[in-house]
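Shown next, in structure tokens, is the structure this report addresses.
The values are calculated or read from the model by the stated rules, or taken from the named source; none is laboratory data. It should be emphasised that the depicted structure is a prediction, and the values quoted were computed from it without experimental measurement. Here Cβ is always computed from backbone atoms with ideal geometry, including for glycine, and neighbour counts include all displayed protein chains.
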Amino acid sequence: MVPTETTVPQIARQFTSVLRIIEQFGYNKNNLVPILQAVQEEYRYLPQEVMTFVATALDISPARVFGVASFYSHFALEPKGKYVIKVCDGTACHVKGSQELVDTLQERLKLPKGKKTTPDMLFTLETVSCLGACGLAPAVVINEDVHGQVTPAGAIALIDNICAEEGR
């Protein structure tokens, strides 16, 4: 859709926070990565329509924006939950039972096969190659909080505590 005089104000209202971010970086296409990082911070992922808007605002192709977003593993193209749970599956963690933690968490969160995020958008479960906390194996990070030597029962307790805090 090509913006018209009547749709521009609607688009501007819809993407006010994105416009603010792009303005902070001076509409400079060389700042695409930090712009996408800031947008992801705002939305917790990079929605397709937002990436298209960023491309238009920076006068670059949507394919370039999508290419950058899909190249870097840091960027998420699907919505993530409020609490992102990262289970380390590096060598030390794997040997100490990280796969059992993943299985336990998938069951506790009632995640359908192939899904990473709960339908209520509260939790996202990810497996990562290494968290750099081998001495704490098996390690789990929930948002920015590192938990070491996590057992399956301990993983369930972490989830239950968050659910209690959230009133669920």
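Considering only residues that are assigned to a loop (DSSP other than H, G, I, E, B) and among the small types (G, A, S), which ones fall in the range 113-153?
Hits for the range 113-153 are G114, S129, G132, A133, A137, A139, G148.
So which residues in the range 17-35 are assigned to a loop (DSSP other than H, G, I, E, B) and either loosely packed, with under 13 Cβ neighbours inside 10 Å or of a type outside the set (F, W, Y) (or both)?
Scanning the range 17-35 gives G26, N28.
Here's the yes/no breakdown for (1) at pLDDT 95 or above; (2) in contact with a helix residue (DSSP H, G or I) (Cβ under 9 Å, 6 or more places away or on another chain); (3) closer than 20 Å to H94 by Cα:
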residue: L125; (1), (2), (3): yes, yes, yes
residue: G132; (1), (2), (3): no, no, yes
residue: E144; (1), (2), (3): no, no, no
residue: G148; (1), (2), (3): yes, yes, yes
residue: P152; (1), (2), (3): yes, yes, yes
residue: A155; (1), (2), (3): yes, yes, yes
residue: N161; (1), (2), (3): yes, no, no
residue: A164; (1), (2), (3): yes, no, no
residue: G167; (1), (2), (3): no, no, no
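List, please: which pairs have Cβ atoms under 6 Å, are six or more places apart or on different chains, and start with a residue in the range 139-165 that is closer than 15 Å to F123 by Cβ and not assigned by TED's automatic domain parsing to the domain that holds H94 and end with one that is modelled with pLDDT under 95 and β-branched (V, I, T)?
none
Starting from the range 82-108, take each residue that is more than 13 Å from V128 (Cβ to Cβ) and touching a residue at least 60 places away in the same chain (Cβ under 8 Å) and list its partners that are surrounded by 21 or more Cβ atoms within 10 Å (Cβ to Cβ) and among the β-branched types (V, I, T), counting only C-beta distances under 8 angstrom and pairs at least six apart or across chains.
Pairs that qualify, where the first residue is more than 13 Å from V128 (Cβ to Cβ) and touching a residue at least 60 places away in the same chain (Cβ under 8 Å) and the partner is surrounded by 21 or more Cβ atoms within 10 Å (Cβ to Cβ) and among the β-branched types (V, I, T), are Y83/T124.
Could you look through the range 110-124, keep only residues that are closer than 20 Å to A157 by Cβ and surrounded by 20 or more Cβ atoms within 10 Å (Cβ to Cβ), and pick out the one that is farthest from the chain's Cα centre (by Cα)?
Step by step, filter the range 110-124, then rank; the result is F123.
Give the residues of the range 89-110 that are over 16 Å from N161 (Cα atoms), of a type outside the set (D, E, K, R) and out of contact with any strand residue (DSSP E or B) (no Cβ under 6 Å at 6 or more places or on another chain), sorted by residue number. Walk me through it before giving the result.
The first filter runs over the range 89-110 and keeps only residues over 16 Å from N161 (Cα atoms), leaving 89-103, 106-107, 110.
Next cut, of a type outside the set (D, E, K, R) only: 90-95, 97-99, 101-102, 106.
Those that are over 16 Å from N161 (Cα atoms), of a type outside the set (D, E, K, R) and out of contact with any strand residue (DSSP E or B) (no Cβ under 6 Å at 6 or more places or on another chain): G90, T91, A92, C93, H94, V95, G97, Q99, Q106.
Out of A92, A12, A38, I need the residue that is in a helix (DSSP H, G or I), of a type in the set (G, A, S), outside the structural domain of T124 (by TED's automatic domain parsing) and modelled with pLDDT of 95 or more. Which one?
A38
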